[in-house]
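Computed from the coordinates by the stated procedures, all read-outs in this text should not be read as laboratory data. These numbers were taken from a predicted model, which means no experiment stands behind them. Methodologically, a virtual Cβ is constructed for each residue, glycine included, from the backbone with ideal geometry; neighbour enumeration extends over all protein chains shown.
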Amino acid sequence: MLTLNQVSGGYGSFRALFDVSIEVRENEAVAVIGPNGAGKTTLLRVISGQIPLSAGEMRLDGVSLRGLAAHRIVTRGIAHIPENRRLFARLTVEDNLRMGAFIPDARRHFAARLAWVYELFPRLAERRTQLAGTLSGGEQQMCAIGRALMSRPKILLMDEPSAGLAPRLVQQVFELVGRIRAEGFTVLIVEQNVQQILDLVDRAYLIEAGHIRVAGSSVELKHHDVIRKAYMGL
């Protein structure tokens with residue numbers, strides 16, 4: 001579904017990714033793990049068009065995404081849930097969901113998609129008139145996921161969904177990710193809770209200093225010496 005081949009990118013003259021190649025197949029959940037500053041967030045921003053790639057090729061369903069603006073990439077079927085959720089805090093839950101349905105196809109099917117998101121996350125229906133900034137951390141993440149799903153994406157990019165949450169809320173977030181998986185969505189997720197995310201995904205990539213260091217199935221990475229020592233404390 002999504003393939004990156006020898007992709008490089010960064011911020012101005014600063015290069016953060018070096019010849020990165022990854023693949024995400026349909027109905028698969030794939031994680032990108034690694035330390036802070038490794039290039040994980042940059043990778044998702046390149047995929048969603050917020051940062052232009054400086055070299056390499058990126059394709060969705062075999063069609064090149066190179067040079068497309070971020071709003072065009074959304075229409076191709078990629079939705080990005082940024083780190084720290086980035087909700088419109090002074091808008092209601094429902095208005096935040098409405099913002100996720102700005103592309104023409106989503107606007108045409110707004111009522112049906114809103115009902116579907118509320119069915120998937122009943123708590124959002126209960127909070128539909130509440131200001132998003134007053135929600136709990138777990139509810140805000142639920143709203144951010146719901147907003148992304150309003151466009152019915154082919155692939156969902158999730159950047160550190162558990163970041164900044166209390167331990168009791170972290171488990172709620174991973175349950176949300178599991179629920180998205182159960183719905184059959186294709187997911188590419190960046191996450192620092194390595195052990196927990198490897199329990200949820202099919203495959204994973206370890207990125208360090210902008211390079212892919214290790215790649216394999218979640219089972220393989222759980223037992224890889226580098227990951228066990230550096231990221232699991234084993």
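A simple rule links phi to the HN-Hα coupling: the Karplus curve 6.51 cos²θ - 1.76 cosθ + 1.60 with θ = phi - 60°, which for the stretch 177-190 gives 4, x, 5, 4, 4, 5, 7, x, 6, 8, 10, 10, 10, 9 Hz, with x for Gly and Pro. Annotation: amide H-H contacts under 5 Å for TYR205 (H modelled 1.01 Å from N, sequence separation of 5 or more, or interchain): ALA31, VAL32, ILE33. Dividing the summed -39500 (n - 2.57) terms of all DSSP H runs of n ≥ 4 by the residue count of the chain sets its mean residue ellipticity at 222 nm at -10000 deg cm²/dmol. Report the residue, chosen from THR92, THR42, THR129, that carries the largest GNM mean-square fluctuation when the chain is represented by alpha-carbon nodes joined by springs under 10 Å. Looking only at THR92, THR42, THR129, the largest GNM fluctuation is found for THR129. Using the Cβ-Cβ distance between GLN196 and ASN27 with R0 set to 30 Å, the FRET efficiency from 1/(1 + (r/R0)^6) comes to roughly 0.90. Taking the chain as a Gaussian network of alpha-carbon nodes connected by springs under 10 Å, the highest mean-square fluctuation of the residues VAL201, VAL63, VAL214 belongs to VAL63. Placing +1 on the Cβ of every Lys and Arg and -1 on the Cβ of every Asp and Glu, with nothing else charged, gives the chain a dipole about its Cα centre of roughly 580 debye.
Around ALA106, with a cut-off of 9 angstrom between Cβ atoms, what is the net charge of the other residues, counting Lys and Arg +1 and Asp and Glu -1?
Numbers: positive: ARG107, ARG108, ARG113, ARG152; negative: ASP105.
Its environment carries a net charge of +3.
Residue exposure proxy: PHE110, PHE174, PHE121, ordered by other Cβ atoms within 10 angstrom of their Cβ from fewest to most, comes out as PHE110, PHE174, PHE121. Straight-line cross-link partners of LYS154 among the lysines, defined as a Cα under 29 Å from its Cα and at least 8 positions apart when in the same chain: LYS40, LYS222. For MET158, nonlocal amide neighbours, meaning residues 5 or more places apart or on other chains whose placed amide H falls under 5 Å from its own, are ILE81, LEU188, ILE189, VAL190. When only alpha carbons are used to place a centre, the stretch 202-217 and the stretch 149-185 end up 20 Å from one another. Couplings 3J(HN,Hα) of the stretch 218-226, computed from phi: 4, 5, 4, 6, 4, 9, 6, 4, 4 Hz, in residue order, whole Hz [Karplus 6.51 cos²θ - 1.76 cosθ + 1.60, θ = phi - 60°; x for Gly and Pro]. Under 5 Å from the amide H of ASN193 lies no amide H of any residue 5 or more positions distant or on a separate chain, with H modelled from the backbone and absent for Pro and chain starts. If you build a Gaussian network model of the chain, linking Cα atoms that sit under 10 Å apart, which residue out of VAL46, VAL219, VAL194 swings the most? Of VAL46, VAL219, VAL194, the most mobile in the Gaussian network model is VAL219. Here the gap between TRP116 and ARG128, fully extended at 0.36 nm per residue and compared with their Cα-Cα distance, gives a gain of 3.0 nm. Converting phi to 3J(HN,Hα) with the Karplus coefficients 6.51, -1.76 and 1.60 and the offset θ = phi - 60°, the stretch 39-52 yields x, 5, 5, 4, 4, 5, 5, 5, 4, 8, x, 6, 10, x Hz in sequence order, with x at every glycine or proline.
Give, in nm to one decimal, the length gained when the segment between ARG179 and GLU220 is fully stretched (0.36 nm per residue of separation minus the Cα-Cα distance). Walk me through the numbers on the way to the answer.
Numbers: separation 41, 0.36 × 41 = 14.76 nm, distance 2.36 nm.
Result: 12.4 nm gained on full extension.
Helix 110-120 axis versus longest C-alpha principal axis of the chain: approximately 70°, rounded to the nearest ten.
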